[in-house]
1. Of the options Gly80, Phe27, Gly194, report the single residue whose Cα projects farthest towards the positive end of the charge dipole of the chain (beta-carbon charges: Lys, Arg +1; Asp, Glu -1).
2. Using θ = phi - 60° and the Karplus curve 6.51 cos²θ - 1.76 cosθ + 1.60, what whole-Hz ³J(HN,Hα) does each residue of the range 116-132 get, with Gly and Pro shown as x?
3. I want the local charge near Val58. Using Cβ-Cβ distances under 9 Å, sum +1 for each Lys or Arg and -1 for each Asp or Glu among the other residues.
4. Taking amide H positions as placed in the peptide plane 1.01 Å from N, state which residues far from Val133 in sequence (5 or more) or on other chains have amide H under 5 Å from it.
5. Using a 1.4 Å probe on the protein heavy atoms, what percent of the accessible area of the range 141-211 belongs to carbon and sulfur?
6. Enter the Cα centre distance for the pair the range 147-214 and the range 6-76, rounded to the nearest angstrom.
7. For the range 178-251, run through the chymotrypsin sites (Phe, Trp or Tyr not before Pro) and keep only the ones in DSSP coil with at most 10 other Cβ atoms within 10 Å of their Cβ.
8. Search the structure for amide H atoms under 5 Å from the amide H of Gly217, placed 1.01 Å from N in the peptide plane, and list their residues when 5 or more places away or on another chain.
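The values are calculated or read from the model by the stated rules, or taken from the named source; none is laboratory data. As the structure is a prediction and not an experimental result, all values here were calculated from the model. Don't worry about glycine lacking a Cβ; one is built from the backbone with ideal geometry, like all the others, and counts go over all protein chains shown. Only protein heavy atoms, including side chains, enter the accessible area calculation; ligands, DNA and RNA are left aside. Shrake-Rupley method; radii C 1.70, N 1.55, O 1.52, S 1.80 Å.
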Amino acid sequence: MSNRLANKVAVVTGGTSGIGLATAKLFAAEGAHVYITGRRQDVLNAAVAEIGGKVTGVKADSGKLEDLDRLYDQIKTAHGRIDVLFANAGGGSMLPLGQITEEHYDDIFGRNVKGVVFTVQKALPLLKEGSSVILAGSIVGIEGNANFSIYSASKAAVRNLARSWILDLKGKGVRVNVVSPGPIHTTGLVELAGDDKAQQQGLLDYLASTVPLGRVGEPEEIAKVALFLATDDSSFVNGAEIFADGGKAQV
Ligand SMILES: NC(=O)c1ccc[n+]([C@@H]2O[C@H](COP(=O)([O-])OP(=O)(O)OC[C@H]3O[C@@H](n4cnc5c(N)ncnc54)[C@H](OP(=O)(O)O)[C@@H]3O)[C@@H](O)[C@H]2O)c1
């Protein structure tokens, strides 16, 4: 590793699993002090132990404003700033039009939209000139997908938040970008197929067949895109959506 994030303070929400965990590991290996969040304390403790290096776990639900206040108060006291903020926490489930419930809508928009909005807004006082905000989008934000309209619409919303926020932040030197993965082999993805291992493998095999590269991605492949967006390598990249999808949404 080349210590590209030496002396930087990075926050990865939902940093206990999948893409967030892989990104937190990479950021820590590159020298950052990484704060990770998640809603389950035992899973958070395990992730902190696995990441090693300068890492702090804070139990926080991105949809709960008081949790975000506690997270940022802790960082303000310890560092007074955030250099990299990856609003990664999120996820979803599937229901077709006709069966969408209020709980389904509130859960998905709560995690993917409300959570992202307040994760970023409440961090603003700590985001100084030169800092980088990364939002977790998805290829489904630009696609139609059966049974997945609410999740897909929530990710389309995330994409527009970046476009609009770079105008709200004009002149402040804070960049906001979106990383939009295709299918990535994580717990969040395979659980869309339920608990059954054979069904989970069936989903992975089907998704792999839809990707021009012929496979699903690994969380580490998204972490590397997040690292690019986190560093000055992307110093003039702002309001962009970077797809890391093996070509799935590009054809
Ligand atoms: N995997 C894919 O194929 C894929 C593709 C496109 C986009 N994405 C997006 O990438 C992001 C990460 O996905 P993933 O597949 O890595 O998910 P994952 O394996 O299910 O991990 C999700 C992480 O977020 C945390 N989390 C969930 N809701 C939270 C909340 N309200 N507050 C704080 N933490 C929360 C989870 O921990 P707790 O449950 O303990 O809170 C966990 O650490 C999500 O935004 C997802 O929509 C994923």
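1. Toward the positive end, the furthest listed residue is Gly80.
2. 5, 4, 7, 4, 7, 4, 6, 7, 3, x, 9, 8, 8, 3, x, 7, 10
3. Here the charged neighbours net out to +1.
4. Leu85, Arg175, Val176, Asn177
5. Details: 1860 of 3540 Å².
Roughly 52 percent, rounded to a whole number.
6. If we compute the Cα centre of each part, the gap is 20 Å.
7. Counting only loop positions with at most 10 other Cβ atoms within 10 Å, the chymotrypsin sites (Phe, Trp or Tyr not before Pro) in the range 178-251 are Phe236.
8. Result for Gly217 returns Ile184, His185.
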